[in-house]
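The values are calculated or read from the model by the stated rules, or taken from the named source; none is laboratory data. A quick note: this is a predicted structure, and the numbers were derived from the prediction, not measured. Glycine gets a Cβ as well: all are built from the backbone with ideal geometry, and neighbour counts include every protein chain shown. To get the accessible areas, we keep the full protein, side chains included, count just its heavy atoms, and leave off ligands, DNA and RNA. Shrake-Rupley method; radii C 1.70, N 1.55, O 1.52, S 1.80 Å.
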Amino acid sequence: MEQLRQHQQLQQSQQELDRFFELSDNFMCILTNKGYLAKFNPSFIHKLGDAPDEFYARTFITFVHPADQDFTQAHLASLFSGRPSAAFTNRLMHKAGYYLDFAWDMSAEITTGLIYASAMDITQQVELQHNLLRAKEAAEQTAQVKAAFLANMSHEIRTPMNGIMGIVQII
């Protein structure tokens, strides 16, 4: 009887874990040491638009923006060489051809040769940062133009005022 109860609890725990994996809006995946996805949650399909077969057929790095591939591979290699975890950002390609930004947390299990990873879509935050940076640059440029205008106006007003002040002193 006790063994049956333990088995049911184990089954229930597994179902809860699977449900957590399936319902998470963040990317959750397991990568093999060859770079293939062994398991992934529905967020991959939802956010990147590919069919599940596409994810299994291609290595993870093929989804990564070309400019981000070297450091992404370096992080993966460091995990397999004994580093316990890695946190980094990169861009993944949507099936439609545009890229989305992700913040990754990964941990490796050396004995099984697997990497357990989760990622949060930070595309909106990155876009907001870029917009804020552009607004800051525009504000700085506006301030420089304003300073130059005021310096010029000050000079333009000062020159006739000097003439008027000279005439007033003579009078």
Inset, instruction - Kindly check whether there is at least one residue in region 97-108 that is outside any strand (DSSP E or B), at pLDDT 85 or above and surrounded by fewer than 14 Cβ atoms within 10 Å (Cβ to Cβ). - result: yes
Legend entry - Enumeration of residues in region 56-88 that are of a type in the set (S, T, N, Q) and either part of a helix (DSSP H, G or I) or open to solvent by 50 Å² or more (accessible area, probe 1.4 Å) (or both): T62, Q69, T72, Q73, S78, S81, S85
Inset, instruction - For region 44-68, name all the residues that are in contact (Cβ under 8 Å) with a residue 60 or more places away in the chain and acidic (D, E). - result: none
Legend entry - Answer from K39, K47 - the residue that is in a strand (DSSP E or B) and either touching a strand residue (DSSP E or B) at 6+ places or on another chain (Cβ under 7 Å) or open to solvent by 30 Å² or more (accessible area, probe 1.4 Å) (or both): K39
Inset, instruction - Filter region 23-56 down to residues that are more than 24 Å from G113 (Cβ to Cβ) and among the charged types (D, E, K, R) and give me whichever is farthest from the chain's Cα centre (by Cα). - result: D50
Inset, instruction - Would you check which residues across region 111-160 are touching a Cys at 6+ places or on another chain (Cβ under 9 Å) and either open to solvent by 80 Å² or more (accessible area, probe 1.4 Å) or not hydroxyl-bearing (S, T, Y) (or both) and list them? - result: I115, Y116, A117, A119
Inset, instruction - Check whether at least one residue in region 14-22 is at pLDDT 90 or above and among the polar types (S, T, N, Q), and report yes or no. - result: no
Inset, instruction - State which residue pairs qualify: first residue part of a helix (DSSP H, G or I) and inside region 1-30, second residue open to solvent by less than 90 Å² (accessible area, probe 1.4 Å) in any location, beta carbons under 6 Å apart, and separation of 6 or more residues or different chains. - result: F21/M28; F21/N41; E22/N41
Inset, instruction - Could you list all residues from region 69-96 that are free of Cβ contacts under 8 Å to residues at least 24 places away in the same chain and either over 17 Å from F44 (Cβ atoms) or of a type in the set (A, V, I, L, M, F, W, C) (or both)? - result: Q69, D70, F71, Q73, A74, A77, S78, S81, S85, A86, A87, F88
